Amino acid sequence: MTPGSTASAAAEGGAGIPRADLERFRDFFYRATGIFFDDGKELVVTRCLKDRMQATGHADFLSYFQFLRFRDDGAEFDRLVSGLTVNETYFYREDYQFRCLVESVLPEVMDRKRPGEPVRIWSIPCSTGEEPYSIAIQLLEAWPRVDTVEVEIHASDIDVAAVERAREGLYGAYAVRNLEARVLARYFNRTHAGKYRIHQALRGSIDFRAGNLVDPSLPNGLPSFDVIFCRNMLIYFDDRSRRLAAQNLYDVLAPGGFVFLGHAESMSRITSLFEARRFPAAFAYQKPEGAQ
Amino acid sequence: MPLSPPRGPGEPPEAPDPATLRHWLEADNPARRRMAARHLAGTPEASPCLAARLQVEERPEVREALLAALICQDDGVAADALLGCLRSPEVSLRNGAVEALQQMPEAFAVHGPSLLADPDPQIRQRAVEVMRDLRHPGVPGWLLAVLPTETDPNVCVAVVDALAEVGDAGACPYLEALMERFPGEPVVALAAGEALHRLEGWE
Amino acid sequence: MQALLVEDGRTDRMFHRGILERAGYTVREAANGYEGWEAALEQVFDLVVADINMPKLDGLALTRLLRDQHRAPTLPILLVSSDGDARVREEACRAGADAYLVKPLRPEEFLAAVRDMAGGRA
């Protein structure tokens with residue numbers, strides 16, 4: 001591969017990746033994930049691309065890009081997205097969605113419920129539990145009907161070790177940094193090692209199990225959910241997996257049920273079968289009420 | 001605590017046999033049709049009945065399951081049915097077919113590229129749209145080959161936009177020649193100019 | 001004046017954006033119908049220009065959504081398409097669009113259509 005112009009000569013020498021190539025990558029990545037890198041992100045993107053080029057043994061951007069575009073089976077795409085996105089979990093991450101749950105979504109869900117029917121919420125992926133526990137805490141703290149309505153919280157992750165840690169409910173200070181002291185005191189015990197352990201009653205009230213949203217047989221044996229939190233996962237999937245996941249989300253949702261996606265994700269990540277609903281605190285995606 | 005531990009899931013119901021599922025594809029109940037399509041995905045010899053149902057299905061959630069199932073089948077019958085849907089007057093079915101074909105690169109490669117020579121520029125444009133996200137190494141060559149002779153400016157713009165992403169510097173002379181063929185179409189010059197800017201650094 | 005431009009083709013997006021900006025609009029872009037819909041939910045626009053053939057959510061479906069469910073049923077919507085068939089123009093009209101133009105757009109034609117729509121809705 002010989003550089004044909006000064007543009008590439010300047011780049012391939014190691015200073016960076018040519019602007020034209022970054023633009024090419026940006027368009028591709030945007031179509032694939034919905035994430036658009038503005039010009040301020042040039043350094044971050046360049047660094048990540050160079051890491052991936054080195055990791056996959058491609059000396060130049062063209063050959064890496066052609067590999068990614070034509071030959072990758074999804075594994076490299078997954079690593080690339082991981083490298084380019086912030087992927088940490090902590091209590092009350094994107095907390096405006098928990099506010100939306102209580103302020104806007106649950107009232108609509110309750111309008112449809114028959115007396116005695118439980119409300120079912122699913123957190124997938126639940127990772128090490130921060131999200132489902134946050135949902136539980138939000139309900140206990142902020143939902144007026146929590147004492148009179150039966151709520152089931154289910155939580156699943158493909159990572160069995162993560163699910164195990166979620167059941168243990170043990171967290172460091174960084175994971176709980178968004179929680180008010182009052183909330184921390186009310187639902188956690190401090191351990192000798194300075195960590196925080198969620199109260200047994202909360203740990204026992206959540207159904208944790210391993211699960212894979214891309215498994216076509218997933219809907220079998222699952223109850224119908226009223227609300228699903230599926231945040232910052234679909235973005236890592238290739239089209240085929242994302243389509244399967246979206247099908248599963250649709251099939252396990254009750255008519256009129258809602259899905260919350262990650263803040264960088266939009267309806268483009270799921271299917272046109274869902275309707276985008278804009279609430280004061282957040283967007284959510286609703287399965288039509290007339291559906292079955 | 002008011003939050004109750006959930007009861008475990010029930011036993012998963014047995015999936016019906018393929019003959020029953022094929023029958024359910026024609027059921028009055030759309031939820032049953034959708035379920036049949038989901039269960040038939042990936043089963044042998046399901047492509048013909050899935051393809052046939054797609055031609056007449058109007059419910060969007062069933063259509064979606066049929067498209068997903070055909071992608072799973074990933075065979076010639078499925079690809080041909082989807083290529084046929086590119087001619088549908090219904091835009092949402094066409095779009096669904098484009099997205100599905102993008103997921104079946106080998107099956108599409110058999111008859112899909114010949115659509116670039118279809119007499120209807122709308123069909124040619126849809127073929128380009130499939131290729132825009134198709135994971136097949138033949139894409140750059142197929143697209144490049146039409147540039148000298150494509151007469152529709154919208155198709156040219158679509159081809160050039162796609163080449164700007166997947167092509168290399170070998171496309172540059174073609175792009176320059178294209179600009180000369182469409183002197184009265186500023187949008188063609190805009191497309192080609194941007195593509196040249198992106199591609200010329202590469203050999 | 002705020003315009004929402006919903007168009008999946010990169011060149012067409014650039015081209016149409018240029019025409020709108022020269023006509024004095026501040027343009028927000030969306031690369032597919034879903035993003036267009038979410039943008040319309042987030043912000044009030046004076047004009048929507050959308051391509052019909054877009055992946056995921058096409059321009060006709062977007063128009064129907066904007067008309068049926070959005071709080072601004074009088075929002076000026078211009079649909080564009082490479083298909084010059086009269087049938088498509090009828091469909092655009094039935095979906096609720098105010099105007100329909102065939103690509104490639106002629107800037108003068110585009111601007112005249114936009115002026116007519118803005119005048120009609122004033």
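The values are calculated or read from the model by the stated rules, or taken from the named source; none is laboratory data. All figures in this text were calculated on a predicted structure; none of them were measured in a lab. Quick reminder, even Gly has a Cβ in these numbers, built from the backbone with ideal geometry, and neighbours come from all protein chains shown. In case anyone asks, the SASA skips ligands and DNA or RNA and just uses the protein heavy atoms, side chains included. Shrake-Rupley method; radii C 1.70, N 1.55, O 1.52, S 1.80 Å.
See the values below:
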item: FRET efficiency for A:Arg209 and C:Thr74, using Cβ-Cβ distance with R0 set to 45 Å, rounded to 0.05; result: 0.35
item: Theoretical gain in end-to-end length, A:Lys41 to A:Ala75 [0.36 nm per residue, Cα-Cα removed]; result: 9.9 nm
item: Solvent-accessible area per residue for chain C (1.4 angstrom probe, square angstrom); result: 41
item: R0 of 56 Å, Cβ-Cβ distance B:Ala31-B:Glu180: FRET efficiency to nearest 0.05; result: 0.45
item: Sequence-separation-based contact order of chain A, relative, with Cα cut under 8 Å and 6+ spacing, percent; result: 17
item: Amide hydrogen neighbours beyond the local backbone of C:Gly9, cut-off 5 Å, H modeled; result: none
item: Model label zone, C:Ala112; criterion: amide N under 14 Å from point 7 Å along Cα-to-beta-carbon; scope the range C:1-34; result: none
item: Buried accessible area, chains C and A (both chains, 1.4 Å probe, Å² to nearest 100); result: 1200
item: Nearest-20 debye value, the protein assembly as shown charge dipole, Cβ charges on Lys, Arg, Asp, Glu; result: 1680
item: Cα long-axis angle, helix B:153-166 against chain B (0 to 90 degrees, to the nearest 10); result: 80
item: Choice from C:Gly96, C:Gly33, C:Gly84 with maximal GNM fluctuation in chain C (Cα, 10 Å cutoff); result: C:Gly84
item: Cα Rg, Dmax (largest Cα-Cα span) when computed across chain B, Å; result: 21.7, 76
item: Lys/Arg +1, Asp/Glu -1 at C-beta; the range A:134-292 dipole; positive extreme among A:Leu253, A:Tyr236, A:Pro288; result: A:Tyr236
item: For chain A, built as a Gaussian network whose Cα springs stay under 10 Å, the top-fluctuating residue of A:Ala246, A:Ala276, A:Ala201; result: A:Ala201
item: Gyration tensor verdict on the range A:93-163 (Cα atoms; rounded if a/c is under 1.5, prolate if a/b is larger than b/c, oblate otherwise); result: prolate
item: Test item: A:71-79 mean partner chain Cβ contacts at 10 Å; result: 1
item: Test item: C:49-60 mean partner chain Cβ contacts at 10 Å; result: 4
item: Probe 1.4 Å - accessible area at B:His39, Å² to nearest ten; result: 60
item: Whole-Hz couplings from phi, Karplus 6.51/-1.76/1.60, listed for the range B:55-65; x for Gly and Pro; result: 5, 10, 6, 10, 6, x, 6, 6, 4, 4, 5
item: Cβ-based net charge around B:Val160, under 11 Å, with every Lys or Arg adding one and every Asp or Glu removing one; result: -2
item: Rounded percent of accessible protein surface that carbon and sulfur make up, the range C:2-117, 1.4 Å probe; result: 47
item: Karplus-derived HN-Hα couplings along the range A:107-113 (A = 6.51, B = -1.76, C = 1.60, θ = phi - 60°), whole Hz, x at Gly and Pro; result: x, 5, 4, 5, 4, 9, 7
item: Nearest 10 degrees, 0 to 90: helix B:186-199 Cα axis against chain B principal axis; result: 90
item: Relative contact order %, the range C:2-117, counting alpha carbon pairs below 8 Å whose residues are six or more apart; result: 23
item: Accessible surface ranking that places the most exposed of C:Met1, C:Met54 first, with a 1.4 angstrom probe; result: C:Met1, C:Met54
item: Accessible area in square angstrom per residue, chain B, 1.4 angstrom probe; result: 41
item: Cα centre as origin, Lys/Arg/Asp/Glu Cβ charges: chain B dipole, Debye; result: 700
item: Cα coordinate range in the range B:118-196, projected on the principal axes (Å, largest first); result: 33, 29, 17
item: √(5λ) per eigenvalue of the Cα gyration tensor, the protein assembly as shown, largest first, Å; result: 42, 29, 26
item: Two-site FRET efficiency, A:Ser241 against C:Arg87, from Cβ-Cβ distance with R₀ of 51 Å, rounded to 0.05; result: 0.85
item: Compactness of chain A, expressed as Rg and Dmax over alpha-carbon positions, Å; result: 21.6, 72
item: Straight-distance crosslink candidates among lysines, where the alpha carbon sits under 25 Å from A:Lys287 and sequence neighbours closer than 8 are dropped; result: A:Lys113, C:Lys56
item: 5 Å-binned pair-distance histogram of the range C:2-117 (Cα, whole percent); result: 2, 13, 26, 28, 21, 9, 1
item: Net charge dipole size for the range C:2-117 [Lys, Arg +1 and Asp, Glu -1 on Cβ; Debye, nearest 20]; result: 80
item: Leading residue at positive end of dipole, chain B (Cβ point charges), from B:Cys72, B:Ala145, B:Leu134; result: B:Cys72
item: For the range B:93-203: relative contact order, % (alpha-carbon pairs under 8 angstrom, 6 or more apart); result: 22
item: Cα-based reach from A:Lys41 at 25 Å (exclusive), listing lysines while leaving out same-chain residues under 8 positions away; result: A:Lys50
item: Karplus-derived HN-Hα couplings along the range B:67-74 (A = 6.51, B = -1.76, C = 1.60, θ = phi - 60°), whole Hz, x at Gly and Pro; result: 4, 4, 5, 5, 4, 4, 4, 6
item: C-alpha long axis of helix B:91-102 to longest principal axis of chain B, angle in °; result: 80
item: Reachable aspartates and glutamates from A:Lys195, criterion Cα separation under 15 angstrom, eight or more residues apart if same chain; result: A:Glu130, A:Glu168
